[in-house]
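Notes to accompany the following structure.
Here, each number is a calculation from the coordinates, and none is a lab measurement. Just so it is clear, the structure is predicted and the values come from calculations on it, not from any experiment. All Cβ positions, glycine included, derive from the backbone under ideal geometry; neighbour counts span all protein chains shown.
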Amino acid sequence: MQGASRESLAVVRDRLAALAESADAAALGSVAEGLLGVVRLLDREGNLRRTLGDPTTHAMAKEQLLTALLGGQVGAEALGLLLHASTLRWSSPRDLVDALEVLGATAIFLVAEKSGELDRVGDELFRFSRTVASEPLLRSTLTDRGLDVERKKALLDGLLEGKAASGTRQVVDALVLSPRGRTLEDGLAEYADLAADVRKRTLATVTTAVQLDDGQRQRLTASLTAQFGRQVQLQVEVDPSVVGGVLVRVGDEVIDGSTRHRLAQAARAVS
C-alpha cells in the first residue's frame, strides 16, 4: 500500500490495538472471524466493495448499508472497525479489503499473544511454509482451484489438527481457502510478518549448513538487532548446500555470508 491507504491502515490498526487492550480473547476472536468473513464477502461482491471504498459516498450511507447487510451477522466490535475503515480514504477499494484482512489476521495474533502462544504460531507458520516449499504435491493440492473446500479442509485436518495452535490453523485455513491472488508461500510470509509485528519484531530468515546452538542464535539475534535498530526474531532453516556461514534475509534485504556465496565470488573473479 502507498499514500492514503498506508495512512488509513495505520489508523485502523491503532484502533484495533486500542480495542485489544480491553477486549478479552473471545472478543478478539470474534473480531477476527467477522472481519475475515467480510473480506470474503467483499472479494465476491464487487459493487459493494466499490461502494465502501468510494470516498464520495457519504459515511452515513455506508453505515446504513453495512448495518442492514451485516447487523447481527458480525459482532459489534468487528462492525465498528469496518464502519470506521469505510470512512477513511483508500487509494483503491481493493486496498480497503486488504486492510480488513490485515486487521482480521492481526486480531488472530493478538489472541495468540494473550494466550502466550504467539511465538509458537510464528514458528509453526514458518515450518508449514518450509513443508509446502519442499513438497510440490502438497502445494499443488492445497492450491488446486478445482479441488472442493471440504477436501482441502480434510487435508489440513490431517496436517494440523491436534498438532498446531488454533491461531496457526485459522490463518492457514484463510490462506488455503481464500488465497486472494497470492501464492501460498507469499501469503504465509505476509502473515508471519504480521505475527512478528504484533510483538514489535522484525523477521529474519537465516539459512545455515547446520543447526545453530542457543549461543549462536543469541549472538546472531543481538548482531542483527543492532544492525536493524529493532528486535529481530530468527527463523532458521538448514541447507547443507550453503557449506558454511549464514545467509540472512530481512524483507527484501539479503546478507550473504555463506561459504557458497564466497566460492561463487571467487569463481567469477578467475573466470
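Numerical summary
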read-out	value
Note, ³J(HN,Hα) from phi for region 126-138, Karplus 6.51, -1.76, 1.60, rounded to Hz, x at Gly and Pro	5, 5, 5, 5, 5, 5, 4, 5, 8, 10, x, 5, 4
Rough spin-label spacing in nm, given labels placed 7 Å along Cα→Cβ, for residue 131 and residue 18	4.0
Residue 59-residue 243 FRET efficiency (beta carbon distance; Förster radius 45 Å; 0.05 resolution)	0.15
Label-point gap, in nm, between residue 48 and residue 226 - each point 7 angstrom along Cα→Cβ	5.3
Pairwise label distance in nanometres, residue 218 with residue 252, each label 7 Å out on the Cα-Cβ vector	3.6
HN-Hα J in Hz across region 31-37 - Karplus 6.51, -1.76, 1.60, θ = phi - 60°, x for Gly and Pro	4, 4, 4, x, 5, 5, x
Cα gyration tensor shape for region 103-170, rounded if a/c is under 1.5, else prolate or oblate	prolate
Charged-residue dipole, Cβ positions (Lys, Arg, Asp, Glu), region 116-198 about Cα centre, Debye nearest 20	260
Taking 131, 106, 202 and counting other C-beta atoms within 10 Å, the order from fewest to most	131, 202, 106
Whole-Hz couplings from phi, Karplus 6.51/-1.76/1.60, listed for region 148-154; x for Gly and Pro	5, 4, 5, 5, 5, 4, 5
Nonlocal amide H pairs with residue 230, under 5 Å, H built at 1.01 Å	none
Nearest 10 degrees, 0 to 90: helix 166-177 Cα axis against the chain principal axis	80
Sequence-distant lysines (8 or more away, or on other chains) whose Cα lies within less than 22 Å of residue 62	none
Residue-span extension gain [residue 145 to residue 197] - 0.36 nm each, minus C-alpha spacing	15.6 nm
Answer label for Cα Rg over 2.2 N^0.38 Å (calculated), chosen among [x] 0.97; [y] 1.13; [z] 1.59	[y]
Nearest 10 degrees, 0 to 90: helix 93-114 Cα axis against the chain principal axis	70
Selection from 143, 245, 198, by position along the positive dipole direction of the chain (Cβ)	245
Dipole-positive endmost among 85, 47, 104 within region 18-128 (Cβ charges, Cα centre)	47
Simple Cβ-charge dipole of the chain, Lys/Arg +1 and Asp/Glu -1, about Cα centre, in debye nearest 20	500
